[in-house]
Structures are given as C-alpha cells and as structure tokens.
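The block underneath contains the structure these notes are about, expressed in structure tokens.
The values are calculated or read from the model by the stated rules, or taken from the named source; none is laboratory data. These figures come from a predicted structure and were not determined experimentally. Here the Cβ is made from the backbone with ideal geometry for all residues, glycine too, and neighbour counts use every protein chain on show.
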Amino acid sequence: MKSKELETIILSEMSKANTLFARDIVLSDPKLFKVLFNMIIRDSEPLSRRAIWILDYVLEEQPQLLENDHLKKLIDNLNNYSHEALIRHSLRIIARYKLPESHAGKLLNTCFDYLLNPKTSIASKAWSMEILYELSEEEPDLKQELITAIEMNLDFASSGLKNKAVKMLKRLKKQEFRNSLLKQ
C-alpha cells in the first residue's frame with residue numbers, strides 16, 4: 001500500500017471502525033508506520049488528528065514501534081499542534097514510555113503549562129499530571145512543585161480530574177513524608 005492510499009482511507013471516515021481498520025493496515029506493513037507518523041508531524045487538519053488516533057492504537061498493539069527519535073519528535077511538537085486532540089493523544093502516548101533525559105526539561109515545562117492553563121482539556125491535564133509524576137520519580141525535588149500545581153487546580157477541576165488529582169496527591173504526600181523521615 002502507498003502512503004496516498006493510507007491517507008485516503010484515513011480521510012474517508014472518522015469512526016472507530018475506520019481507525020481500527022487503518023491501524024490493522026499499518027500493523028501489517030511496518031513501512032507505513034513512518035508514513036503515519038509523518039502525517040501527524042505535518043499538523044494538517046483533519047489528517048493529523050485522525051492519524052494520531054490511529055498511531056495511539058498501533059502503539060497499544062506494538063509499543064516497540066515507537067523509537068526514541070519518534071518520542072522526541074512528539075515532545076518537540078507538543079506546542080506546535082493546532083488541535084487539542086493532537087496534544088491529548090501525544091501526551092497519552094508519551095506517558096507510556098521511558099522519557100528521554102535530553103527532553104525532560106522541555107517536557108516538564110510543557111506539562112506544567114498544560115496543567116496550570118485553565119483552557120487545557122481535562123484529558124491533557126490528566127496526562128500531564130501523569131508525566132510530571134514520572135518525571136518527579138526521577139527528580140524528587142519536583143514533587144513539592146507538582147503537589148502545589150495539582151492543589152491549585154483542585155477548585156476548578158472536573159470530578160474525574162479531581163479524583164485523579166486527589167489520588168496522586170495522596171501518593172506524592174506519602175512519598176514526601178517517607179523522604180522526610182529518611183532525612184532525619
């Protein structure tokens with residue numbers, strides 16, 4: 001299959017059935033993974049938005065297809081996307097992988113920006129929280145900053161985000177308490 005044919009299939013219909021159909025095509029031909037990924041990076045509506053939905057499903061089936069360079073490109077492009085769905089799916093994908101140290105600072109700033117921005121979608125805030133938590137596992141000094149950012153969001157959060165935030169706060173505060181005991 002050629003890239004133009006894949007593009008035609010992706011643009012033909014926005015449905016879960018079509019998304020899964022396109023996912024299966026990409027999974028059957030590894031060369032199409034790069035084609036699909038490049039459709040996302042182009043940031044062309046609605047193609048990129050639909051392509052990242054497919055990529056998300058592809059990576060659920062075969063997570064090893066996403067190489068470190070792809071992950072870095074997703075991180076580099078987070079602030080360039082024109083549609084919230086590209087951000088949301090990118091964060092969801094990024095959260096499932098070991099984060100490249102070279103991009104940790106950029107990802108940290110971006111995720112804090114999303115978490116603190118009232119216009120950010122609920123899902124993007126939730127995935128940002130998850131990524132920030134993972135970054136704080138590598139850099140424990142971030143935990144207090146994350147606690148503060150989450151607490152700032154609690155009053156305005158949806159019930160689902162509030163639930164996730166409260167659970168994460170419990171984990172973070174428990175770890176902070178343990179760490180303070182170890183320092184004594």
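Here Asp113 clears all of (1) modelled with pLDDT of 95 or more; (2) surrounded by 15 or more Cβ atoms within 10 Å (Cβ to Cβ); (3) more than 24 Å from Lys31 (Cβ to Cβ) except the condition numbered (2).
Per the conditions (1) more than 15 Å from Ile10 (Cα to Cα); (2) at pLDDT 95 or above, the sole criterion not satisfied by Ile54 is (1). Scanning segment 59-69 for residues that are in a helix (DSSP H, G or I) and either out of contact with any helix residue (DSSP H, G or I) (no Cβ under 8 Å at 6 or more places or on another chain) or surrounded by fewer than 19 Cβ atoms within 10 Å (Cβ to Cβ) (or both) yields Glu60, Glu61, Pro63, Gln64, Leu65, Asn68, Asp69.
Within segment 73-112, the set of residues being among the aromatic types (Phe, Trp, Tyr) and not in a loop (DSSP other than H, G, I, E, B) comprises just one member, Phe112. Within the set Glu60, Glu101, the sole residue that is charged (D, E, K, R) and at pLDDT below 95 turns out to be Glu101. Taking the criterion of being in a loop (DSSP other than H, G, I, E, B) and surrounded by fewer than 12 Cβ atoms within 10 Å (Cβ to Cβ), the only residue of segment 11-28 that qualifies is Ser15.
Once segment 147-184 is narrowed to residues that are exposed (fewer than 11 other Cβ atoms within 10 Å of the Cβ) and either among the small types (Gly, Ala, Ser) or in contact with a His (Cβ under 8 Å, 6 or more places away or on another chain) (or both), the residue that is nearest to Ala123 (Cα to Cα) is Ser159. Taking first residues from segment 14-35 that are at positive phi and partners that are at pLDDT 95 or above and outside any helix (DSSP H, G or I), no Cβ contact under 7 Å between residues at least 6 apart in sequence or on separate chains turns up. Is it the case that segment 28-42 has a residue that's of a type in the set (A, V, I, L, M, F, W, C) and in contact with a Pro (Cβ under 8 Å, 6 or more places away or on another chain)? No; the residues of segment 28-42 include none that is of a type in the set (A, V, I, L, M, F, W, C) and in contact with a Pro (Cβ under 8 Å, 6 or more places away or on another chain). Checking each residue in segment 34-58 for being in contact with a helix residue (DSSP H, G or I) (Cβ under 6 Å, 6 or more places away or on another chain) and acidic (Asp, Glu) picks out only Asp56.
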